[in-house]
Amino acid sequence: MFTPEQTALVNQLIRQRRSVYPAQFTGEVIPDALIEQLLENANWAPTHGKTEPWRFVVFAGAGLQKLAEFQATMYQKLTPPEAFKQEKYDKLLSNPLKCSHIIALGMKRQESGKIPEIEEVEAVACAVQNLYLSATAHNLGGYWGTGGVTYMPEAKSFFGLGDADSLLGFFYVGYPAQPSPEGQRKPVSEKTTWVRG
Ligand SMILES: Cc1cc2nc3c(=O)[nH]c(=O)nc-3n(C[C@H](O)[C@H](O)[C@H](O)COP(=O)(O)O)c2cc1C
């Protein structure tokens with residue numbers, strides 16, 4: 001049970017959660033134990049059929065350089081020369097180094113395939129929201145990014161994923177240099193229909 005004060009805190013946490021990007025990180029390194037707490041909360045996401053499809057690969061320290069080199073090399077290898085942008089290559093190589101940790105977000109497909117794939121993706125998305133909220137609760141910055149190698153099938157094995165699995169992006173984490181500005185949402189009433197008989 002939650003007291004009204006605790007409920008108010010949860011409301012504040014959810015509504016104040018913001019995406020914080022690598023350019024806004026201080027460069028300081030977060031203790032691994034804190035990242036483990038974020039992952040522990042991610043592990044409590046809802047999951048249809050208790051498949052727990054989320055798989056995480058945490059890049060830290062020299063691992064960030066490894067990821068940077070991998071994604072830049074993949075981009076170069078898989079992009080036709082006429083479409084290649086040096087600026088994008090440089091960003092893929094430099095952006096990870098602005099982070100304290102980067103968590104690759106994988107979806108492991110159930111062998112039987114009984115649970116619809118979309119529901120497994122949804123379960124991972126719930127796990128990512130737990131990462132977001134936990135980062136906010138610890139005054140850390142983070143965001144879910146789906147750029148780089150996210151949707152390149154050739155990249156999956158680097159993250160321990162098989163053909164039937166999916167890479168859903170990356171959760172970039174660091175200490176925020178500045179508090180986030182207030183978020184903006186259109187009223188939920190515009191997106192809700194009530195049926196009362
Ligand atoms: C599935 C998903 C993918 C996202 N991918 C990106 C991305 O590739 N690049 C980016 O800048 N933001 C990405 N975001 C973060 C959104 O831009 C961000 O949530 C949105 O601007 C609202 O801001 P807020 O998170 O601060 O409320 C993604 C968010 C979700 C849910």
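Which residue pairs have Cβ atoms closer than 8 Å, lie 6 or more positions apart in sequence or on different chains, and pair a first residue in the range 42-55 that is assigned to a loop (DSSP other than H, G, I, E, B) and surrounded by 14 or more Cβ atoms within 10 Å (Cβ to Cβ) with a second residue that is polar (S, T, N, Q) and modelled with pLDDT of 95 or more?
These pairs meet every condition: Ala45/Gln129; Ala45/Asn130; Thr51/Gln110; Glu52/Asn43; Pro53/Thr47; Pro53/Gln110.
Can you pull out every residue in the range 174-197 that is within 16 Å of the ligand (Cβ to nearest atom), assigned to a loop (DSSP other than H, G, I, E, B) and surrounded by 10 or more Cβ atoms within 10 Å (Cβ to Cβ)?
Listed by number, the residues that qualify are Ala177, Pro179, Ser180, Gly183.
Conditions: (1) in a helix (DSSP H, G or I); (2) over 14 Å from the mean Cα position of the chain (by Cα); (3) hydroxyl-bearing (Ser, Thr, Tyr). Ser112 meets all but one. Number of the miss?
Answer for Ser112: the failing condition is (1).
Residues to consider are Lys77, Lys91; find the one that is of a type in the set (D, E, K, R), part of a helix (DSSP H, G or I) and exposed (fewer than 12 other Cβ atoms within 10 Å of the Cβ).
Lys77
Which of the residues belonging to the range 1-34 are of a type in the set (A, V, I, L, M), in contact (Cβ under 8 Å) with a residue 24 or more places away in the chain, away from the ligand (no atom under 16 Å from the Cβ) and out of contact with any Phe, Trp or Tyr (no Cβ under 9 Å at 6 or more places or on another chain)?
Within the range 1-34, just Leu34 meets the criteria.
Against the condition away from the ligand (no atom under 16 Å from the Cβ), modelled with pLDDT of 95 or more and either farther than 28 Å from Glu154 by Cα or of a type outside the set (D, E, K, R) (or both), how does Phe70 come out, does it pass?
yes
Take the range 18-40 and flag every residue that is in contact with a helix residue (DSSP H, G or I) (Cβ under 7 Å, 6 or more places away or on another chain) and crowded, with 17+ Cβ neighbours inside 10 Å.
Across the range 18-40, the qualifying residues are Pro22, Phe25, Leu38.
Go through the residues of the range 123-133 one by one and say whether even a single one is under 16 Å from the mean Cα position of the chain (by Cα), among the hydrophobic types (A, V, I, L, M, F, W, C) and part of a loop (DSSP other than H, G, I, E, B).
No, because not a single residue in the range 123-133 is under 16 Å from the mean Cα position of the chain (by Cα), among the hydrophobic types (A, V, I, L, M, F, W, C) and part of a loop (DSSP other than H, G, I, E, B).
Which count do you get for residues in the range 134-147 that are assigned to a loop (DSSP other than H, G, I, E, B) and within 12 Å of the ligand (Cβ to nearest atom)?
Residues meeting the conditions: 2.
So for the range 148-160 (the condition being crowded, with 22+ Cβ neighbours inside 10 Å, assigned to a loop (DSSP other than H, G, I, E, B) and of a type outside the set (Val, Ile, Thr)), does at least one residue qualify?
Checked the range 148-160: at least one residue is crowded, with 22+ Cβ neighbours inside 10 Å, assigned to a loop (DSSP other than H, G, I, E, B) and of a type outside the set (Val, Ile, Thr).
So the check is Cβ under 6 Å with 6+ separation or different chains; which pairs have a first residue in the range 142-161 that's within 15 Å of Phe59 (Cα to Cα) and a second one that's more than 9 Å from the ligand (Cβ to nearest atom) and at pLDDT below 95?
Filtered contacts from the range 142-161: no entries.
Take the residues in the range 108-134 that are in contact with a Lys or Arg (Cβ under 8 Å, 6 or more places away or on another chain) and closer than 14 Å to Lys50 by Cβ, then tell me which one is surrounded by the most Cβ atoms within 10 Å (Cβ to Cβ).
Selected residue: Glu120.
The values are calculated or read from the model by the stated rules, or taken from the named source; none is laboratory data. All figures in this text were calculated on a predicted structure; none of them were measured in a lab. Here the Cβ is made from the backbone with ideal geometry for all residues, glycine too, and neighbour counts use every protein chain on show.
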